[in-house]
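This report refers to the structure that appears directly beneath it.
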Amino acid sequence: MKVDFDKVLELAKKYEPEMTKFLRDMIAIPSESCQEEKVILRIKEEMEKVGFDKVYIDPMGNILGYIGHGKHVIAMDAHIDTVGVGNPANWKYDPYQGYEDDEIIIGRGGSDQEGGMASMVYAGKIIKELGLEDDYTLVVVGSVQEEDCDGLCWQYIINEDKLTPQFVVITEPTDGKIYRGQRGRMEIKVTTQGISCHGSAPERGDNAIYKMANILTELRALHENLVDHNFLGKGSLTVSEIFHTSPSRCAVADSCWISIDRRLTVGETGEYAIQQIKNLPAVKAAKADVTMYKYERPSYTDLVYPTDCYFPTWLIEEEHPVCCTLVDSYKTLFREDPKVDKWIFSTNGVSIMGRYGIPCVGFGPGHEDQAHAPNERTWKKELVNCAAVYAVIPMMYVTQYVNKMPVYTKNTVNNL
């Protein structure tokens, strides 16, 4: 089938007002992790309006919209939960009512990452209008709980919904680039124990907070000496939370625990990262307990799907057919070469590729530096460009690259 790429771009531009309204409607619905029901229903309404063949909300609460009935299953994913607002004083505009002009849209979720959903839905409309269906089934996924536990939604989709696409396009913001990997991450807990006593005579007790103080100093030094990689970058570590127990404010603390956000680069596994901390002299001296957190918060449907808070690093080759599919789709539409790069933050790819070996590639509206920021914004031009690219990806894949796909895609972080 011959594709009129200029017509694809023309339609994407034509639907800019509808994409903008849809995105602003999603932004106006608060949808923090585990509270996504109303925005999911709004997405269902839009998918049905533009003509998706089937729309399904699974027991976890993810929404899956289907176009086509071919044998080659391709998925595109946008997580539609958001983080909170933070300090309202840092916002120039209401984070849910937002702001719009000829170029930008401001509001919580604009870049991270409901803009991706707006572009995907209207890519579906373009596919239908131009008759671009072929021997493929496109599944547009609006996933939940990503901000709380990235990849959990796709563990459920793959294991329980039994959806195993040949590849997945992740529509997290990519600054106009195509992304082929990311560092992994994990959430680690370190606990010290003490003995409480009255605060007027602290020498009678054993202060768990003081034990933690030396550990904090060594963790800061450990961060500076973590492994680096020439593409994905350096591993990192930061202490993100600190807690304690004590009988009162007039007593010695009898326990203390911290949370660590650990980013994993090439050559770093979860076991390796935990052992690094266990080996610290202050951890050994305090006999501190080092463990991985477990996530088991109910989704908005009250479904609990427990998982360890370990999110593997992943990376595919620039020459992989999936990466080439996106590069060629971009080049054909815009007559220029895209930049191929990687995310700094984490995405649902930690499960899709990191756990299950299903190749991922990223292209999405918005910019990484807008994620979780006050006055979060996205750009209308990027919504349009992404809708056009998404509309031609399935056809480009089945006509040019499906026969070049490897039987198994290696996670290249395991080869380096």
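The values are calculated or read from the model by the stated rules, or taken from the named source; none is laboratory data. Here the structure is a predicted model, which is why all the values come from computation and not from measurement. Here the Cβ is made from the backbone with ideal geometry for all residues, glycine too, and neighbour counts use every protein chain on show. With ligands, DNA and RNA removed, areas are computed over all heavy atoms of the protein, side chains included. Shrake-Rupley method; radii C 1.70, N 1.55, O 1.52, S 1.80 Å.
Things worth noting here:
- Dipole magnitude of region 1-54 about its Cα centre (Cβ charges: Lys, Arg +1; Asp, Glu -1), debye to nearest 20: 120
- Cross-link pairs exceeding 25 Å between alpha carbons, from the set K13/K404; K342/K381; K49/K339; K14/K177; K7/K49: K13/K404; K49/K339.
- In summary, the convex hull built on the alpha carbon positions of region 217-352 has an orientation-averaged projected area of 13.1 nm².
- Surface calculation, 1.4 Å probe, protein heavy atoms: F231 sits at approximately 40 Å² accessible.
- Ordered by solvent-accessible area of protein heavy atoms (1.4 Å probe), largest first, the residues T307, T301 come out as T301, T307.
- Accessible-area rank, largest first, for C256, C250: C250, C256, with all protein chains present and a 1.4 angstrom probe.
- Ordering S33, L11, L23 by Cα displacement along the dipole of region 11-54 toward the positive end leaves L11 in first place; charges were set at the Cβ atoms of Lys, Arg (+1) and Asp, Glu (-1).
- Rounded if a/c under 1.5, otherwise prolate or oblate - region 160-243, Cα gyration tensor axes: prolate
- Fraction of beta bridges assigned by DSSP in the chain that are antiparallel (%, nearest 5): 70
- Rounded Å value of the spacing that divides the Cα centres of region 261-297 and region 154-230: 8
- Order by protection proxy (mean Cβ within 10 Å, highest first), peptides 393-405, 331-343: 393-405, 331-343
- Using Cβ point charges alone (K and R +1, D and E -1), the dipole size of the chain about the Cα centre works out to roughly 720 debye.
- Put V73, V290 in order of accessible area, highest first, and with a 1.4 Å probe you get V73, V290.
- Alpha-carbon Rg with Dmax, taken over region 140-283, Å: 20.4, 66
- Accessible area (Å², per residue) of the chain, counting only protein heavy atoms and a probe of 1.4 Å: 42
- The chain, accessible surface, carbon-and-sulfur percent (1.4 angstrom probe): 48
- Positive minus negative residues near E48 (Lys, Arg vs Asp, Glu; Cβ under 13 Å): +3
- Surface accessible to a 1.4 Å probe, I316 within the full protein complex, Å²: 0
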